[in-house]
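Following: one structure in structure tokens, then a few remarks.
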Amino acid sequence: MRVTFLWLKALHILAVITWMAGVFYIYRLFAFHVARRDSADATALLRVMERRMLRVVMWPGAALSLALGLALLGMRMDYLSQHWFQLKLAAVAGMLAYNAHAEYTARRFARGEYFLTEVQNRLMHVVPTVLLGVIVVMVVVRPF
Ligand code: HEM
């Protein structure tokens with residue numbers, strides 16, 4: 001039982017790292033996209049890169065992190081009554097909302113609707129930085 005739990009946790013952390021690789025890169029692509037919006041070649045390339053980052057890295061990474069997280073939770077249902085885990089889940093919900101906003105941004109940019117400035121795209125990285133900080137501190141330190 002313990003070995004299964006540890007293998008699931010190792011795979012969970014690998015899935016989370018994959019997801020975060022996309023989370024911390026996607027708005028940099030959007031920033032470049034806004035900066036090069038007058039170049040047809042550059043915007044065509046960035047559209048493909050953004051779509052692949054979402055389809056190949058971010059959504060599969062999120063789905064695997066969630067599935068493995070639920071499998072772990074299934075072995076430790078007592079966590080649901082603990083505040084550190086409840087706050088972790090709230091921050092994970094925030095991370096999923098950030099992922100959905102990136103999907104929405106990619107679709108609007110693909111239509112040439114640049115509703116975020118270059119600076120706003122670069123500032124977007126503050127969001128997952130704070131959320132990931134909360135998640136890791138909650139699950140490792142368990143302060144309450
Ligand atoms: C961005 C999303 C997530 C991140 C960054 C994350 C991060 C982590 C980390 C670093 C650990 C290892 C903690 C340790 O060994 O002390 C862990 C364990 C765990 N995670 Fe996640 N996780 C995420 C999403 C989820 C989700 C969605 C669930 C459940 C629905 C979940 C459930 C668990 C459980 C039950 C453990 C095992 C805790 C233990 O060691 O007893 N995680 N997570």
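Here is how the numbers come out for the structure above:
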{"item": "Region 59-93 residues near the modelled Leu11 label - backbone nitrogen below 13 Å, point 7 Å along Cα→Cβ", "result": "64-73"}
{"item": "CD proxy at 222 nm, helix term only [per DSSP H run n ≥ 4: -39500 (n - 2.57); per residue of the chain; nearest 500]", "result": "-26000 deg cm²/dmol"}
{"item": "Acute angle (nearest 10 degrees) that the helix 40-52 long axis makes with the longest principal axis of the chain, alpha-carbon atoms", "result": "10 degrees"}
{"item": "Check: the chain dipole with +1 on Lys, Arg Cβ and -1 on Asp, Glu Cβ, in debye", "result": "180 debye"}
{"item": "Radius 14 Å from Cβ of Val140, net charge of other residues (Lys, Arg +1; Asp, Glu -1)", "result": "+3"}
{"item": "Distance between region 21-57 and region 102-144 - C-alpha centres, whole angstrom", "result": "15 Å"}
{"item": "Protection-proxy order for peptides 91-104, 31-44, each taking the mean of Cβ atoms within 10 Å per residue, highest first", "result": "91-104, 31-44"}
{"item": "C-alpha long axis of helix 26-35 to longest principal axis of the chain, angle in °", "result": "10 degrees"}
{"item": "Cα-based helix-to-principal-axis angle, 59-75 vs the chain, degrees rounded to 10", "result": "10 degrees"}
{"item": "Summed side-chain charge close to Met1 - residues other than Met1 whose Cβ falls under 14 Å, Lys, Arg +1, Asp, Glu -1", "result": "+3"}
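Only the coordinates and a few stated rules stand behind these numbers; no lab work does. Since we're looking at a predicted model, the values are computed, not measured. Counting neighbours? That spans all protein chains shown, and the Cβs are built from the backbone with ideal geometry, glycine included.
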